[in-house]
1. Please count how many residues of segment 119-134 are under 18 Å from residue 145 (Cβ atoms), part of a strand (DSSP E or B) and in contact with a strand residue (DSSP E or B) (Cβ under 8 Å, 6 or more places away or on another chain).
2. Here are some conditions: (1) at pLDDT below 95; (2) closer than 25 Å to residue 107 by Cβ. Residue 13 meets all but one. Which one does it not meet?
3. Taking segment 98-114 as the search range and keeping residues that are surrounded by 12 or more Cβ atoms within 10 Å (Cβ to Cβ) and in contact (Cβ under 8 Å) with a residue 60 or more places away in the chain, which one is farthest from residue 39 (Cα to Cα)?
4. Take the residues in segment 19-46 that are over 15 Å from the mean Cα position of the chain (by Cα) and buried (at least 16 other Cβ atoms within 10 Å of the Cβ), then tell me which one is farthest from residue 143 (Cα to Cα).
5. Regarding segment 102-118, can at least one residue be identified that is modelled with pLDDT of 95 or more, in a helix (DSSP H, G or I) and over 14 Å from the mean Cα position of the chain (by Cα)?
6. Only one of 140, 55 is surrounded by fewer than 13 Cβ atoms within 10 Å (Cβ to Cβ), within 12 Å of the chain's Cα centre (by Cα), modelled with pLDDT of 95 or more and closer than 30 Å to residue 16 by Cα; which?
7. Got at least one residue in segment 4-22 being in a helix (DSSP H, G or I), in contact with a strand residue (DSSP E or B) (Cβ under 8 Å, 6 or more places away or on another chain) and either closer than 19 Å to residue 101 by Cα or without any contact (Cβ under 8 Å) to a residue 12 or more places away in the chain (or both)?
8. Going through segment 58-84 one residue at a time, which ones are closer than 20 Å to residue 35 by Cα, touching a residue at least 40 places away in the same chain (Cβ under 8 Å) and surrounded by fewer than 19 Cβ atoms within 10 Å (Cβ to Cβ)?
């Protein structure tokens, strides 16, 4: 049986914004959960809505398991299978990994929403926030963080 908790109404009064810059090591997952928590702490947000937006088209954001790193390895493998380099892509201006990176970003997305409750991210026990680099070489990525609170 499911049951809705009591509804809490908080008028939105404050919008806090910052940019998080992440240096990736190349293809793979970068855990940014602690950086996002630091933003929430510095913004002094108790309850609100956090939005994350990645300003790139060949990387993405996700919420995923943070306990077993094999999950991340398997997800990279799955994304490679879904968008292989040798699929006959027309767009290859920036190299053979460029178009597959665009497809992977389209599949996984560049935006997230995470509730903030009691001054912390309302993530599940085994959840972390990750930037996924889809290109083989390192890149500098920018994530816009914006929290609306009462």
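1. Here is the first cut: in segment 119-134, the ones under 18 Å from residue 145 (Cβ atoms) are 119-123, 127-132.
Those left that are additionally part of a strand (DSSP E or B): 120-121, 127-132.
When the remaining residues are screened for being in contact with a strand residue (DSSP E or B) (Cβ under 8 Å, 6 or more places away or on another chain), the result is 121, 127-132.
Qualifying residue count, segment 119-134: 7.
2. With respect to (1) at pLDDT below 95; (2) closer than 25 Å to residue 107 by Cβ, residue 13 is out only on (2).
3. First pass over segment 98-114, keeping only residues surrounded by 12 or more Cβ atoms within 10 Å (Cβ to Cβ): 98-112, 114.
Add one more test, that the residue is in contact (Cβ under 8 Å) with a residue 60 or more places away in the chain, and what stays is 111-112, 114.
Working: 111: 17, 112: 15, 114: 13 Å.
For segment 98-114, the residue satisfying everything is 111.
4. Within segment 19-46, the first condition is being over 15 Å from the mean Cα position of the chain (by Cα), and the residues that meet it are 25-26, 38, 40-46.
From what's left, buried (at least 16 other Cβ atoms within 10 Å of the Cβ): 40, 43, 45.
Working: 40: 14, 43: 16, 45: 19 Å.
That would be 45.
5. Taking segment 102-118 and keeping what is modelled with pLDDT of 95 or more, we get 102-118.
Imposing the further condition that a residue be in a helix (DSSP H, G or I) reduces the set to 102-108.
The next check asks that each one be over 14 Å from the mean Cα position of the chain (by Cα); those that pass are 102-103.
Yes, segment 102-118 contains at least one residue that is modelled with pLDDT of 95 or more, in a helix (DSSP H, G or I) and over 14 Å from the mean Cα position of the chain (by Cα).
6. Values: 140 fails: within 12 Å of the chain's Cα centre (by Cα).
Checking each option against the conditions leaves just 55.
7. As a first pass, look at segment 4-22 and keep what is in a helix (DSSP H, G or I): none.
So far as segment 4-22 goes, no, none of its residues is in a helix (DSSP H, G or I), in contact with a strand residue (DSSP E or B) (Cβ under 8 Å, 6 or more places away or on another chain) and either closer than 19 Å to residue 101 by Cα or without any contact (Cβ under 8 Å) to a residue 12 or more places away in the chain (or both).
8. 62, 63, 64, 65, 67
The values are calculated or read from the model by the stated rules, or taken from the named source; none is laboratory data. Since this is a predicted model, take the numbers as computed values, not measurements. As a convention, Cβ positions derive from the backbone with ideal geometry for all residues, glycine included, and neighbour counts pool all protein chains shown.
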